[in-house]
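Report on one structure; see the data block that follows.
Read the figures in this text as sums done on the coordinates, not as results from a lab. If you're wondering where the values come from, they're calculated on a predicted model, not measured in any experiment. Ideal geometry is used to build each Cβ from the backbone, glycine not excepted, and the neighbour counts take in all protein chains shown.
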Amino acid sequence: MSLGKHLLGIKDLTKEDITLILDTAEKMSEISFRPIKKVPALRGKLVVNLFFEPSTRTRSSFEIAEKRLSAESLNFSSGTSSVLKGETLLDTVLNIERMNPDAYIMRHSSPGSCKLITEYVKGSVINAGDGASEHPTQALLDALTIRQKKGSFEKLKVLICGDIAHSRVVRSNIHLLKKMGADVTLCGPATMIPPYIEKMGVKVETNFEKALSQKDVVMMLRIQLERQEKILFPSLKEYFLTYGLTEKRLKLADKNCIVMHPGPINRGVEMASEVADSKESVILDQVENGVSIRMAVLFLLLQGGENEDSN
């Protein structure tokens, strides 16, 4: 079974593709606990980490994944590159392409930017977040964490709360969770809910307490202040009072509910510290699973050149 050449979004994957990635990641996870945390699976492959936006977890876990598979890495940061001198995205990519990399991991503020560069490069392209469009590996690591804790996605009740309008994570998660059979509810201030999002097959609720009722999974999202053209709520304090996840509110969910967050957490805004550090929280499990998922994606796309003729 082949995923094809690129990973641009969850929207492009089948249920079988998703299961293959999750199963492969489970096998890859064992490598991280060996005395020597490295296998020669991608020896001789060159991967370019092309980040035009700040990143800690995503970039670090991709770099670790590359090292554990024995790939060579070229790390690019727009803050120390010719982008500051006016070089365009395409010119940057065309210059790096002459160094013959096998894959690009790219994060960019513009939706569709990853798809754009696939027309100009020979290697695989993995979307590490394009604007508010998609972030496929985040949704996959979320899915791996949910599967480990819940066993199955079928009829699982999932609540995603926060800045829905500006989140790339939520779009990838909706595509994935719906494909896998989960029931998804979105919650947040009306100013942060994009119009017509119900067409993606989700429920929308602006009352947080009501939305929490009987949920199996609660995923809190960061307020994307850097993407908002204007402030969409009176204050961070008021946001927490209305939409912050507290121990009291968490009791409204299912007693075996897990709490997730893609990071970085703003304690006292999206959730209380007591919740972030509670036994219900699987936030650090998500971070750990990020390495395994990114190892799996790199391996499946680049192994042995088997996919080089596929689209």
Q: May I ask you to order 98-109, 275-286 by the average number of other C-beta atoms within 10 Å around their residues, highest value first?
A: 98-109, 275-286
(Q) Given a 10 angstrom Cα cut-off, can you work out which residue in 27, 67, 157 is the most mobile in a GNM of the chain? (A) 27
Q.
I need the Debye-formula profile for the chain: one equal scatterer per C-alpha, no solvent, reported as log10 I(q)/I(0) at q = 0.07 1/Å, two decimals.
A. -0.27
Q. How fast does the range 87-199 diffuse by Stokes-Einstein, in µm²/s, taking the Kirkwood radius from C-alpha pairs at 25 °C and 0.890 mPa s?
A. 156
Q: For residue 60 paired with residue 38, estimate the spin-label separation in nm (one decimal), with each label point 7 Å from Cα along the Cα-to-Cβ line.
A: 2.1
(Q) What do you get for the angle between helix 136-150 and the principal long axis of the chain? Use alpha-carbon atoms, 0 to 90 degrees, nearest ten. (A) 60
Q) Taking the Cα atoms only, what angle lies between the long axis of helix 57-68 and the longest principal axis of the chain, rounded to 10 degrees? A) 40
**Q.** Choice from 242, 88, 206 showing the highest fluctuation, given a GNM over the chain with Cα pairs closer than 10 Å
**A.** 88
Q) Per the chain: cysteines with no other Cys C-beta under 4.7 angstrom? A) 114, 257
(Q) At R0 = 22 Å, how high is the FRET efficiency between residue 87 and residue 122 if r is their beta carbon distance? Nearest 0.05 is fine. (A) 0.60
Q | Angle between the chain longest axis and helix 15-28 axis [Cα atoms, degrees, rounded to 10] | A | 80
Q. Over the range 161-275, what number does the Rg to Rh ratio reach, with both radii from the alpha-carbon atoms and Rh per Kirkwood?
A. 0.93
Q) So which GluC sites (Glu not before Pro) in the range 118-227 pass both tests, a DSSP loop state and at most 15 other Cβ atoms within 10 Å of the Cβ? A) 119, 154
Q.
Full-extension gain between residue 235 and residue 198, please, as 0.36 nm times their residue separation minus the C-alpha to C-alpha distance.
A. 10.6 nm
Q) Which residue, 116, 301, 141, tops the fluctuation ranking in a GNM of the chain built on C-alpha contacts under 10 Å? A) 116
Q: Taking 7 Å along the Cα-to-C-beta vector as the label spot, tell me the residue 251-residue 210 distance in nanometres, rounded to one decimal.
A: 2.2
Q) How high is the relative contact order of the range 33-153, given as a whole-number percent (alpha carbon pairs under 8 Å, six or more residues apart)? A) 23
Q | Listed residues 131, 36, 103: farthest to the positive end of the dipole of the chain (Cβ charges) | A | 36
Q. How much length is gained on full extension from residue 97 to residue 277, taking 0.36 nm per residue of separation minus their Cα-Cα distance?
A. 60.4 nm
